[in-house]
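Trainee: Handing you this structure, nothing more for now.
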Amino acid sequence: MEHLKNPYVGLEGYNCFGCAPHNPIGLHMEFYEDGDDVVAKWQPHDNVQGWLDTLHGGVQATLADEICGWVISRKFQTAGVTSRMEIRYLKPVRISAGEVTLRAHVVGQKRNFIEVEAVLFDGNGDECTKVVCSFFIFPQERAREQFHFCDCLTDAEAAEKEAATEK
């Protein structure tokens, strides 16, 4: 798995609830590429519970929406917006089980609509939540001009790009 560099760190005003590392109430998610999948690991805490020792369903939806957005950024090198989200809660996610893992990948495309599937696994490795998000993606030029999209690269790709521009 290769770590994906967050291209927005340092951008003035960047404070994404899902992935901004300095948002004091954010999720601070980080992402990795593993073949066709984007992967995230995240540690739930008691302050995000619904029922006792159970990860709130809205937080699960947010985690899934965020990783699906990163699939769009990485695999299509553009920005998109969620137009639909279908969630199936299969079993409770126990906070006491520890770190959860999310895996997401593209499952379909029709013109500028992309379907991404995400699966959330609890700390025991059990499949707990399945999500399919539909995204409307923007042309790359518009994403860069209007949404401040930056290349979504692995750490190694970002280092290579930086080294090439220094020459």
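Trainee: Scan the stretch 90-115 and report the pairs whose first residue is within 23 Å of HIS28 (Cα to Cα) and whose second residue is loosely packed, with under 12 Cβ neighbours inside 10 Å and among the aromatic types (Phe, Trp, Tyr), with Cβ atoms within less than 8 Å and a gap of 6+ or a chain change.
Mentor: Sorted first by the residue in the stretch 90-115, then by its partner, the pairs are PRO92/TRP51.
Trainee: Tell me, which strands (runs of 3 or more DSSP E) wholly within the stretch 1-90 include 2 or more residues that are closer than 27 Å to ARG144 by Cβ and in contact with a helix residue (DSSP H, G or I) (Cβ under 8 Å, 6 or more places away or on another chain)?
Mentor: Values: elements: 32-34, 37-42, 80-89.
Result: 37-42, 80-89.
Trainee: Taking the conditions exactly as written (of a type outside the set (Val, Ile, Thr), on the phi < 0 side of the Ramachandran plot and surrounded by 19 or more Cβ atoms within 10 Å (Cβ to Cβ)), does GLY57 satisfy them or not?
Mentor: Taking the combined requirement at face value, the residue does not satisfy it.
Trainee: Can we say LEU90 is loosely packed, with under 14 Cβ neighbours inside 10 Å and in contact with a Ser or Thr (Cβ under 7 Å, 6 or more places away or on another chain)?
Mentor: Working: loosely packed, with under 14 Cβ neighbours inside 10 Å: yes; in contact with a Ser or Thr (Cβ under 7 Å, 6 or more places away or on another chain): yes.
The answer is yes for LEU90.
Trainee: Separate question: Checking the conditions here, which among ARG74, ARG84 is basic (Lys, Arg), surrounded by fewer than 15 Cβ atoms within 10 Å (Cβ to Cβ) and touching a residue at least 24 places away in the same chain (Cβ under 8 Å)? Even if it seems obvious, please write down each step before you answer.
Mentor: Values: ARG74 fails: surrounded by fewer than 15 Cβ atoms within 10 Å (Cβ to Cβ).
Just one listed residue meets the conditions, ARG84.
Trainee: With closer than 16 Å to LEU153 by Cβ, acidic (Asp, Glu) and over 10 Å from the mean Cα position of the chain (by Cα) as the only criterion, which of ASP53, ASP34 stands out?
Mentor: Values: ASP53 fails: closer than 16 Å to LEU153 by Cβ.
Among ASP53, ASP34, only ASP34 is closer than 16 Å to LEU153 by Cβ, acidic (Asp, Glu) and over 10 Å from the mean Cα position of the chain (by Cα).
Trainee: For SER83, only one of the following conditions fails: (1) closer than 25 Å to LYS41 by Cβ; (2) under 17 Å from the mean Cα position of the chain (by Cα). What is its number?
Mentor: All conditions are met except number (1).
Trainee: While we're here: If you go through the stretch 6-42, how many residues are loosely packed, with under 11 Cβ neighbours inside 10 Å and either touching a Gly at 6+ places or on another chain (Cβ under 7 Å) or under 24 Å from LYS161 (Cα atoms) (or both)? Explain how you work it out, then say what you get.
Mentor: As a first pass, look at the stretch 6-42 and keep what is loosely packed, with under 11 Cβ neighbours inside 10 Å: 10, 12-13, 22, 24-25, 35.
Remaining after also requiring either touching a Gly at 6+ places or on another chain (Cβ under 7 Å) or under 24 Å from LYS161 (Cα atoms) (or both): 10, 12, 35.
Selection size over the stretch 6-42: 3.
Trainee: Looking at HIS3, HIS45, which is the one that is at pLDDT below 95, over 12 Å from the mean Cα position of the chain (by Cα) and surrounded by fewer than 16 Cβ atoms within 10 Å (Cβ to Cβ)? Before the answer, list the steps.
Mentor: Values: HIS3 fails: at pLDDT below 95.
None of the other options fit; the residue is HIS45.
Trainee: Shifting gears a bit: Could you please give the count of residues in the stretch 140-166 that are more than 23 Å from GLY13 (Cβ to Cβ) and either of a type outside the set (S, T, N, Q) or free of Cβ contacts under 8 Å to residues at least 12 places away in the same chain (or both)?
Mentor: Applying the first criterion (more than 23 Å from GLY13 (Cβ to Cβ)) to the stretch 140-166 yields 154-157, 159-166.
Those left that are additionally either of a type outside the set (S, T, N, Q) or free of Cβ contacts under 8 Å to residues at least 12 places away in the same chain (or both): 155-157, 159-166.
Within the stretch 140-166, residues that are more than 23 Å from GLY13 (Cβ to Cβ) and either of a type outside the set (S, T, N, Q) or free of Cβ contacts under 8 Å to residues at least 12 places away in the same chain (or both) number 11.
The values are calculated or read from the model by the stated rules, or taken from the named source; none is laboratory data. Everything quoted here is computed from the prediction, not taken from an experiment. With ideal geometry, Cβ positions are generated from the backbone for all residues, glycine too; neighbour counts draw on all protein chains shown.
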